[in-house]
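Nothing in this text is a laboratory measurement; each read-out follows from the coordinates by a stated rule. These numbers were taken from a predicted model, which means no experiment stands behind them. Because the Cβ atoms are built from the backbone with ideal geometry, glycine has one as well, and the counts that use them run over all protein chains shown.
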Amino acid sequence: MILEQIQTPADVKRLNNDEVRRLCQELRGFLISRVSQTGGHLASNLGVVELTVAIHRVFDTSRDRLVFDVGHQCYVHKALTGRQALFETLRQFGGLSGFPKPYESEHDAFIAGHASNSVSVALGMARARTLRHEDYSVLALIGDGAMSGGLSFEGLNNAGASGEPLIVILNDNGMSITPNVGAVANHLAKQRLKPQYLTFKRYYRRVMNSNQVGRKVYRFTHKVKQALKQSLLPCSMFENMGFNYVGPVNGHDLAGLTRAMRYARELNEPVLLHVKTVKGKGYAPAEENPDAFHGVSPFDPATGKAKKKSGENFSAVFGRTLTRLAQQDRRVCAITAA
């Protein structure tokens, strides 16, 4: 087993391409096995296996700061940072937390929650780094559901204008707990960029930056490209906010993810890396019904069925009651915080 040999992220960096692909398969089996015993957030973590492995291939989270938005997608990160043995206690009293906790590990940069606050937090960390003349990367990992929260746009607005080097990784699976709706979801669905273009951009930048003449040529052609793009093509809203937009990248192509992250790190400016993933990837019941496997109680891994039938939850009762009231009075409106 490759996973059993992983004690720190440094072990992940030493794996060859074949071994790292096997690691991803083993991580999915590990997640299904452990979460089936304790319950927890399953579908969201299955969707970020390759993404998390790629982060640990490129960055050093003991020094580089990785800020999770919400944080329920941090299980793979915890498994790769020395906490595999604790998964039997996941979300149990005194056991492994289901969210990032700095007291657990130096690899957990911030306590996360339902706030859409990761970009603002990352910007604060990046600004502190610059003021202290230190050298490390800062990343914010945010889902497209959290991206629809107003606080995330305040963070993007400030980060793009600041010019501070940081990377916002947008994990776009089209889902919050249930499928996303609204203008942001529609905008993300329209973003398209061929992977070959990203490869060419990286190669061209590296060659042109090899000498002073090349750097001057690169700056000129870059300005011409930006002018033409802005006048002839619709821009990503992230570019309009001051970010260098990279993507969308296949979130299950480990090699492509690794290249994109290295490129984003080299840019040394605000970067939005748009990653497309599948919630519940690799486990058929979760792929077919991702909202039901967002947060689960203990279940049978072979069938995906809960081991113990749960009673009706608050959301179901509230929704049914609200529907009945709305049928009686069309002025009734529902407002949800998430």
Check your understanding: Gap in Å between the Cα centre of region 70-107 and the Cα centre of region 249-305?
Key -> 18 Å
Practice item. Would you please name the trypsin sites (Lys or Arg not before Pro) within region 117-146 that are DSSP coil residues with at most 15 other C-beta atoms within 10 Å of their C-beta? Key: R132
Check your understanding: Using DSSP loop states and a limit of at most 10 other Cβ atoms within 10 Å to flag GluC sites (Glu not before Pro), what is the longest stretch of the chain containing no flagged site?
Key -> 135-311
Review point. Picking from Y75, G98, A284, whose Cα lies most toward the positive end of the charge dipole for the chain (charges on Cβ: Lys, Arg +1; Asp, Glu -1)?
Key: A284
Review point. With the contact rule set at Cα under 8 Å and sequence spacing of 6 or more, what percent relative contact order holds for region 1-144?
Key: 26 percent
Study note, to complete from the structure: Scalar couplings 3J(HN,Hα) for region 133-149 by Karplus 6.51 cos²θ - 1.76 cosθ + 1.60 (θ = phi - 60°), nearest whole Hz, x for Gly and Pro, are 6, 9, 9, 7, 8, 10, 10, 10, 9, 10, x, 5, x, 5, 5, 7, x
Exercise for review: Rank N17, G295, A43 by how far each Cα sits towards the positive end of the charge dipole of the chain (+1 on Lys, Arg Cβ; -1 on Asp, Glu Cβ) and give me just the farthest.
Suggested key: N17
Revision key, fill the gap. For the chain the mean separation of alpha carbon contacts under 8 Å (6+ apart) over residue count, i.e. relative contact order in percent, is 21 percent
Review point. So what is the calculated 222 nm ellipticity per residue for the chain, using -39500 (n - 2.57) for each DSSP H run with n of 4 or more, over all residues, to the nearest 500 deg cm²/dmol?
Key: -14000 deg cm²/dmol
